[in-house]
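Structure first, then comments.
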Number of protein chains: 2
Amino acid sequence: MSRNVDFNKFLVFDGAMGTMLQACGMKAGELSERYNIEKPEVIEKIHRAYIDAGADVITTNTFGANRYKLNDTGLNLNDVITRAVEVATKAAKDKLVALDVGPLGQLMEPYGSLSFEEAYEAFKEQVLAGALAGADIIIIETMSDIYEAKAAILAARENSNLPIICTMTFQEDGRTLTGTDPLTMVNILQNLGIAALGINCSLGPKEMMPLVHEVLKYSRIPVIVQPNAGLPKMAGSETIFEITPEMFAAYGRQMAEAGVRILGGCCGTTPEHIRELKNALIGLKPVKTHIERITAASSSTCTVTLGGEVKIIGERINPTGKKKLKEALMKDDMDYILREAVDQKDNGAHILDVNVGIPEMDEETVMVRAIKEIQGIVNLPLQIDSVKPKVIEAGVRVCNGRPIINSVNGEDKVMETIFPIVKKYGCLVVALTLDDGGIPKTAEERLKIAEKIIKRAGEYGIPKEDIIVDCLVLTASAQQKEVKETIRAVRLVKEKLGVMTTLGVSNVSFGLPARSLLNRTFLAAALSAGLDAPIMNPMDADMRDTVRAFNVLWNHDKDSKEYINAYADSKAKPENNDNKTNKDL
Amino acid sequence: MSRNVDFNKFLVFDGAMGTMLQACGMKAGELSERYNIEKPEVIEKIHRAYIDAGADVITTNTFGANRYKLNDTGLNLNDVITRAVEVATKAAKDKLVALDVGPLGQLMEPYGSLSFEEAYEAFKEQVLAGALAGADIIIIETMSDIYEAKAAILAARENSNLPIICTMTFQEDGRTLTGTDPLTMVNILQNLGIAALGINCSLGPKEMMPLVHEVLKYSRIPVIVQPNAGLPKMAGSETIFEITPEMFAAYGRQMAEAGVRILGGCCGTTPEHIRELKNALIGLKPVKTHIERITAASSSTCTVTLGGEVKIIGERINPTGKKKLKEALMKDDMDYILREAVDQKDNGAHILDVNVGIPEMDEETVMVRAIKEIQGIVNLPLQIDSVKPKVIEAGVRVCNGRPIINSVNGEDKVMETIFPIVKKYGCLVVALTLDDGGIPKTAEERLKIAEKIIKRAGEYGIPKEDIIVDCLVLTASAQQKEVKETIRAVRLVKEKLGVMTTLGVSNVSFGLPARSLLNRTFLAAALSAGLDAPIMNPMDADMRDTVRAFNVLWNHDKDSKEYINAYADSKAKPENNDNKTNKDL
Ligand SMILES: [Zn+2]
Ligand SMILES: [Zn+2]
Ligand SMILES: [Zn+2]
């Protein structure tokens, strides 16, 4: 049985294992995991040194203990991990043991050939072995690819009950190797049900500091930082690190004062660094930070936060009423879908809705394939759109980022099915203001349904900031009287509930001529009532123009910079303009 | 001294004078007014007969006693009127005497050559003579041209303290000879400070009934009806009327039950008709009607009621920033202004703003000339726009209709000057939400100014329905942060004060490219917040399109009839439309 871990106190992790092994005579090219089997006493001695230095947690010597890295080494993965946990547990006594899970050492799709499912399987065996051997914590660390981190986290959650910590490693440009920025990392990881997240390796504490502040700005879960002992420098043939234990500890204290809860060392750090760090924290109390919740969807490299500037959700990947897309899906023609994705991005979409529901195809398979293809080409957050919960779950699982689920509504059965998926995968969810009684006519009734959905979501631990309310656009040709109720509903929902809102705008004009004109007029009214993220066709110039103009009027496009940029050249002006007033002036 | 007149009770007027004179031997072509001088005893006898029949009011024999009709008759106008009042007063005893003022018998501009000012002078001498001779009431009657009625009413108000009653005469098509409909008549007359208004002559009571109901629907002052004794028919060489006293009385009772307060007879009616009428009212109590106030501007033939469908106030007749209009005004080129007026009407304007303020010209003279010219050509209500109270008063005085004054604001000095004009001429007034402190930044402060203006207006007897609040559009290029405050202010003013609103929309885009796009987007937002009557350029297709679309979305254009009519033909579609969704469908 693993021990309870109290994340409300400071936790000091140990420092480098590799650096210590090299000091103990490990040669370049030697596999450190082999020591678990062949020289466990060396590992134990290093663990002891860290325990003696004051570490609260020591990390098992299993950074590379996965099926890909141990392949052809003659080592048995299970043995390596089991022995590593055993020796750490022996050394730790009353201290905690963290199962170290490093990157698999293979590039994942779309950069390489490793699929999400394969990565999951590899992590799964590590987790199963480590948990069985008695680790207290799982630390997934030094991740460069957040997609790999997601696979590892899901494997850890689904195959153990241990608290999970995840750290990623950033380059000096402020992004991981595959392009994830701190906000995106936090937005994806903190919603995946882990205990702590943070930054490790690559940089020294000084270079990490701005990144740490970024992470602290957004993270509502404890933040861990494990810097290197400065940047590595070559001294002759040796790599040396220039940050002394005292300097390291001083930075550590600064970080703790800024709100970091868990500290440790990565490459180049020694028990002396940890000893000084531990001492530096004496008398400090963990900082309680208040983090405003935001409503943000992420791809692996880009986070879109709703509120402020209008966010466009591209509606084009949806076969409803679209013959060509339907045909493309039937012929398994992913190029057509990808073109739609790229076109929408090029025309200003911030988020892409993905709906592949046609009766003739296995929607789950098509959804997974479509998401993988799209996220390989376009770096926008996705909105997974299906009426089938199974399809939604398959989609959000393989989504490289934090997607939006489209949708839940006020029906009990739907909420019971969708909310567990929203919670488990840490998604946002669109909430339609309808229930078993259909779409209510009045704004007040739709507000009531929105309230009910938000309350029920709360029972699943889903905050209202993760809900985007859709007050539902009716068709003027069929329900003209109720059309403006939607605008009123948006305003009511915004004022009374303070949640983000979306609307599928173009529905309003169905069956009428000059649809674009009705759509753009409705859009302007809805935006001014509090619509944050219209679901629309970004290729409709009228709609795009309206969004740009609204961003000027609502002071989102400061000093009208984007607007002037788009229209200052008269050729780019809307063609419809025969405003004589202007000509006269 | 005239006696007090109680309009809270039924008042029964007398019947025809001419019919009775003919019965007494007056020949065709004889001037009835001559009887006042030459055979006053005949007149007195007729008056007595009506008094004996139960009339509460008798009408002096002065229908044609004006300088134009008495010209070349050898009769002295003053004598005719004085003697007529004297003989009536003698016959009336404790009953009331109404000075009869009929049409001048000359066509007024633009149909004829009689100017508003000339008409005023002619009515003035009648009123002065009649009031001096001791009439209790002035009844301006059988008016076909509401412009003439307005001249007569102003002459009566400005040259006597007597209560004024005004009736107009309608054709079977429901309009007066110069095209005034009942709503327009009521909207203009009841705001000119008269005691009662109504319908007389031309039609019998049966034909009048629907018109009477129209008048009762809108009139907040007592309504008078004086029908003929049916439609005139030729019997040989004689004109006879077919409605018997009993039938006449039955209709009279119906009208009284519907809300008519004052009844009498016109052509063909006799003391017998009045006697039966009087008897028919026994036991009836005057009906107290509750008339909802509306906010409506009128030309002589057309009333525009704010609320519901968007009303466009054309902004083009305003030299500010318009070089060509300035030049036209300098060269006294009225054709240019008239073209602007016609163009705006043709492009959907409901009301025309008229501003002729350039420093180089005498604004009062130009304003009066411009209004006369415009109302001769275009039948839209006008908005008289000037910063000079004198110009405004001159403009509203000669305006043939119920105009809007543009504008008053929250400054004490301005309110003290403008409100008396608004009240005297029964105008609507645009109230700008600014005061000595300039335009407040927040919506709440602008609401406060609107409240202050409405309260102060109330002290002048001006109801809030006669005030159109303008929350003032700021320029995005200079005050981007405050742009949306205007939209909020419109919503607040609408919700808290329930008044009509206007906005000069195009100001928002000043100094930015693609002005029309910003204008139309702002317009849609403002309309959805409660803007009733944008001041805008009707020739801007984008703006017009937006108004049409909004009328669909807000259910003003029922079943989208106008919209489909405008756009069903694809060539009339907005050009800016490259909505691929639509093409796909
Ligand atoms: Zn490291
Ligand atoms: Zn008559
Ligand atoms: Zn008459």
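The values are calculated or read from the model by the stated rules, or taken from the named source; none is laboratory data. Nothing here was measured: the structure is a model prediction, and the numbers come from that model. Cβ sites come from the backbone with ideal geometry, for glycine too, and all protein chains shown count toward neighbours. Surface accessibility is based on the protein's heavy atoms, side chains included, excluding ligands, DNA and RNA. Shrake-Rupley method; radii C 1.70, N 1.55, O 1.52, S 1.80 Å.
Is there a residue being touching a strand residue (DSSP E or B) at 6+ places or on another chain (Cβ under 7 Å), among the polar types (S, T, N, Q), modelled with pLDDT of 95 or more and open to solvent by less than 30 Å² (accessible area, probe 1.4 Å) anywhere in segment B:291-298? Yes, that holds for at least one residue. So is B:P271 more than 30 Å from B:Q22 (Cα to Cα) and touching a Gly at 6+ places or on another chain (Cβ under 8 Å) or not? It is false that B:P271 is more than 30 Å from B:Q22 (Cα to Cα) and touching a Gly at 6+ places or on another chain (Cβ under 8 Å). Screening the candidates B:R275, B:R293, B:R316 for the property of being in contact (Cβ under 8 Å) with a residue 60 or more places away in the chain, away from chain A (no Cβ under 14 Å) and not in a loop (DSSP other than H, G, I, E, B) yields one hit, B:R275.
Residues of segment B:192-207 that are open to solvent by less than 20 Å² (accessible area, probe 1.4 Å) and under 20 Å from the mean Cα position of the chain (by Cα): B:L192, B:I194, B:A196, B:L197, B:G198, B:I199, B:N200. What's the total number of residues in segment A:210-254 that are within 16 Å of ligand 1 (Cβ to nearest atom) and either in contact with a Lys or Arg (Cβ under 6 Å, 6 or more places away or on another chain) or aromatic (F, W, Y) (or both)? Within segment A:210-254, residues that are within 16 Å of ligand 1 (Cβ to nearest atom) and either in contact with a Lys or Arg (Cβ under 6 Å, 6 or more places away or on another chain) or aromatic (F, W, Y) (or both) number 4. Taking the conditions (1) at pLDDT 95 or above; (2) out of contact with any Lys or Arg (no Cβ under 8 Å at 6 or more places or on another chain); (3) facing chain A (nearest Cβ under 9 Å) in turn, B:T546 satisfies each one other than (2). Within segment B:107-133, being crowded, with 18+ Cβ neighbours inside 10 Å and either of a type in the set (S, T, Y) or part of a loop (DSSP other than H, G, I, E, B) (or both) holds for B:E109, B:Y120. Scanning segment A:1-20 for residues that are away from ligand 1 (no atom under 13 Å from the Cβ) and outside any loop (DSSP other than H, G, I, E, B) returns A:L11, A:V12. When the criteria are applied in full, B:Y68 fails the requirement of being assigned to a helix (DSSP H, G or I), open to solvent by 10 Å² or more (accessible area, probe 1.4 Å) and aromatic (F, W, Y).
In segment A:160-189, the residues that are more than 18 Å from A:M108 (Cα to Cα) form Cβ pairs under 7 Å with partners that are assigned to a strand (DSSP E or B) and open to solvent by 30 Å² or more (accessible area, probe 1.4 Å), at six or more places apart or across chains, as follows: A:L183/A:T303; A:T184/A:T303; A:N187/A:T303. Restricting to segment B:198-228, count the residues that are closer than 20 Å to B:G15 by Cβ and more than 16 Å from ligand 2 (Cβ to nearest atom). Of the residues in segment B:198-228, 3 are closer than 20 Å to B:G15 by Cβ and more than 16 Å from ligand 2 (Cβ to nearest atom). Can you spot a residue in segment B:360-372 that is farther than 24 Å from B:M539 by Cβ, modelled with pLDDT of 95 or more, open to solvent by 10 Å² or more (accessible area, probe 1.4 Å) and of a type in the set (V, I, T)? Yes, some residue in segment B:360-372 is farther than 24 Å from B:M539 by Cβ, modelled with pLDDT of 95 or more, open to solvent by 10 Å² or more (accessible area, probe 1.4 Å) and of a type in the set (V, I, T). Of the listed requirements (1) at the interface with chain B (Cβ under 7 Å from one of its Cβ atoms); (2) crowded, with 24+ Cβ neighbours inside 10 Å; (3) touching a residue at least 12 places away in the same chain (Cβ under 8 Å), A:A526 misses just one: (1). Scanning segment B:509-523 for residues that are under 9 Å from B:T546 (Cβ atoms) and either open to solvent by 10 Å² or more (accessible area, probe 1.4 Å) or of a type in the set (A, V, I, L, M) (or both) yields a single hit, B:L523. For segment A:343-367, the tally of residues that are without any contact (Cβ under 8 Å) to a residue 60 or more places away in the chain and within 14 Å of another protein chain (Cβ to nearest Cβ) stands at 2. Residues that are in contact (Cβ under 8 Å) with a residue 60 or more places away in the chain, open to solvent by 10 Å² or more (accessible area, probe 1.4 Å) and closer than 27 Å to A:A489 by Cβ within segment A:395-422 comprise just one, A:S407. One residue alone among B:A235, B:A250 is without any contact (Cβ under 8 Å) to a residue 12 or more places away in the chain, more than 16 Å from ligand 3 (Cβ to nearest atom), closer than 27 Å to B:T270 by Cα and aliphatic (A, V, I, L, M), and that residue is B:A235. Would you mind listing the helices (runs of 4 or more DSSP H) fully within segment B:438-527 where at least 1 residues are among the basic types (K, R)? Because the criterion is at least 1 residues that are among the basic types (K, R), the helices (runs of 4 or more DSSP H) in segment B:438-527 that meet it are B:443-459, B:483-492. For segment A:364-396, residues that are more than 19 Å from A:A151 (Cβ to Cβ) and basic (K, R) total 2. Looking across segment B:39-55, just one residue is over 35 Å from the mean Cα position of the chain (by Cα) and assigned to a loop (DSSP other than H, G, I, E, B), and that is B:K39. Being free of Cβ contacts under 8 Å to residues at least 12 places away in the same chain, facing chain A (nearest Cβ under 7 Å) and not β-branched (V, I, T) is the requirement here; does B:N555 meet it? Yes; evaluated as a whole, the condition is true for this residue. Remark: A:K285 falls outside the filter, which requires a residue to be closer than 30 Å to A:P359 by Cα and more than 28 Å from the chain's Cα centre (by Cα). Just one of the listed residues (B:N4, B:N61, B:N36, B:N8) is at pLDDT 95 or above, within 33 Å of the chain's Cα centre (by Cα) and closer than 20 Å to B:I138 by Cβ, and it is B:N61.
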